[in-house]
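Taking it in order: structure first as structure tokens, then the write-up.
The values are calculated or read from the model by the stated rules, or taken from the named source; none is laboratory data. Bear in mind that the values here come from a model prediction, so they are computed numbers and not experimental data. Cβ sites come from the backbone with ideal geometry, for glycine too, and all protein chains shown count toward neighbours.
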Amino acid sequence: MIKLSEGVHYELILNEEQDENWSVRILKDKFVETVVKFHAIAINEKTDNLSFNFHVISSPNPDAHIDNEELQQYAGFILQDILDTCVHEGSAKFTDRATGEELSADEVYKNR
């Protein structure tokens, strides 16, 4: 797994049209200046993997689309760094899909 860092490989940007939603601008590598937005982030308990959806808001790269596996992987590395930072800072919020109850990071990661 590649370790990416905010401020080096990507930056969080406020989506001006949707004031409460953040997007990510890629700052380096093949998809530089591509802006993506994440949706439906979940931990798959069966496979013990992170699953997510995203869409490309803008990009100068014509290959930057959601079907591009290289972009999917890069977006996953970005998302993992964002989640790691949120857990470390204590700002991550997790919700149990079955009950709707909020879970602590310790509860989510206890078996991982």
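Any idea which residue in the range 36-60 is modelled with the lowest pLDDT, counting only those that are surrounded by 15 or more Cβ atoms within 10 Å (Cβ to Cβ) and of a type in the set (Val, Ile, Thr)?
Ile43
Kindly indicate whether Asp81 is on the phi > 0 side of the Ramachandran plot and among the acidic types (Asp, Glu). Show your work before the answer.
Values: on the phi > 0 side of the Ramachandran plot: no; among the acidic types (Asp, Glu): yes.
It is false that Asp81 is on the phi > 0 side of the Ramachandran plot and among the acidic types (Asp, Glu).
Across the range 24-35, which residue is farthest from Ile13 (Cα to Cα) among those that are crowded, with 17+ Cβ neighbours inside 10 Å and in contact (Cβ under 8 Å) with a residue 40 or more places away in the chain?
Selected residue: Phe31.
Any residue in the range 64-88 that is free of Cβ contacts under 8 Å to residues at least 12 places away in the same chain sitting within a Cβ distance under 7 Å of a residue that is of a type outside the set (Val, Ile, Thr)? List the pairs, counting only those 6 or more apart or interchain.
Cys86/Ala92
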